[in-house]
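In what follows, a structure is listed as structure tokens, so that the remarks can point back to it.
The values are calculated or read from the model by the stated rules, or taken from the named source; none is laboratory data. Keep in mind that what you see is a predicted model, and the values were worked out from it rather than measured. Cβ placement follows ideal geometry from the backbone for every residue including glycine, while neighbour counts extend to all protein chains displayed.
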Amino acid sequence: MNIKKIKIGVLGGSFDPAHKGHLAISKEAKKLFKLKYVIWAVTEKNPFKINNPKNLIERIKNCKKIIKLNNFIKVKFYENDIKSNKTIDLVNHLKKNPKYEVYFLMGADNLINFHKWHKWKLISQKCNIVVFDRQGYKKKSLKSKAFKTLDNNVLTFVKFNKVNISSSQLRKI
């Protein structure tokens, strides 16, 4: 018997702060891949970032404020449950439900260093990787080790230039 898969998106990050760019790629991913919902998986601290983000509770509140009436977005903090901040552990946790087909969403800037993520090849074997173009990152991301290594069956590069904003830019304001 074939189980009807539920397509879910996962957008992980520190969301320091969450912004309309996060919302825009969530909406676009929902539409393009017919996702039932998108999880914003808020991390306490991104292992690749030097700065400590603002208070976790404040960032989660801000996420909920940004999504407003977009009920297809669920803001979650998994790290206490899964005892990890590693993407592979989150994917494994979600994949415990055999109905889920997971789409991991990221900006092109993250693809550049994706090969440095813990068990990055395993992540790509367990879920679909969806990369959204970001202004100024396309060329470098398309030359990245991850882009060259992963095939088109697991990695989709989405041309996307609706929003030119980043959390680091907003923190400087």
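Scanning the stretch 98-129 for residues that are more than 19 Å from ASN46 (Cα to Cα) and touching a residue at least 40 places away in the same chain (Cβ under 8 Å) gives PRO98, LYS99, TYR100, GLU101, VAL102, TYR103, CYS127, ASN128. Let me confirm something: among ASN97, ASN110, which residue is surrounded by fewer than 16 Cβ atoms within 10 Å (Cβ to Cβ) and in contact with a strand residue (DSSP E or B) (Cβ under 9 Å, 6 or more places away or on another chain)? Exactly one of ASN97, ASN110 is surrounded by fewer than 16 Cβ atoms within 10 Å (Cβ to Cβ) and in contact with a strand residue (DSSP E or B) (Cβ under 9 Å, 6 or more places away or on another chain), namely ASN97.
Matching residues to (1) assigned to a loop (DSSP other than H, G, I, E, B); (2) modelled with pLDDT of 90 or more:
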{"site": "HIS118", "(1), (2)": "yes, yes"}
{"site": "ILE129", "(1), (2)": "no, yes"}
{"site": "GLN135", "(1), (2)": "yes, no"}
{"site": "LYS139", "(1), (2)": "no, yes"}
{"site": "PHE147", "(1), (2)": "no, yes"}
{"site": "ASN152", "(1), (2)": "yes, no"}
{"site": "THR156", "(1), (2)": "no, yes"}
{"site": "ASN164", "(1), (2)": "yes, no"}
{"site": "GLN169", "(1), (2)": "no, no"}
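A search for C-beta distances below 7 Å between a residue of the stretch 70-91 that is in contact (Cβ under 8 Å) with a residue 60 or more places away in the chain and any residue that is in a helix (DSSP H, G or I), counting only pairs 6+ apart in sequence or on different chains, returns THR87/ILE123; LEU90/ILE82; VAL91/ILE123; VAL91/LYS126.
Here the condition is being touching a Cys at 6+ places or on another chain (Cβ under 9 Å), under 24 Å from LEU32 (Cα atoms) and not in a helix (DSSP H, G or I); of VAL91, VAL102, it holds for VAL102 alone. Scanning the stretch 119-128 for residues that are more than 12 Å from ILE8 (Cα to Cα) and out of contact with any helix residue (DSSP H, G or I) (no Cβ under 6 Å at 6 or more places or on another chain), we see that the one that is surrounded by the fewest Cβ atoms within 10 Å (Cβ to Cβ) is GLN125.
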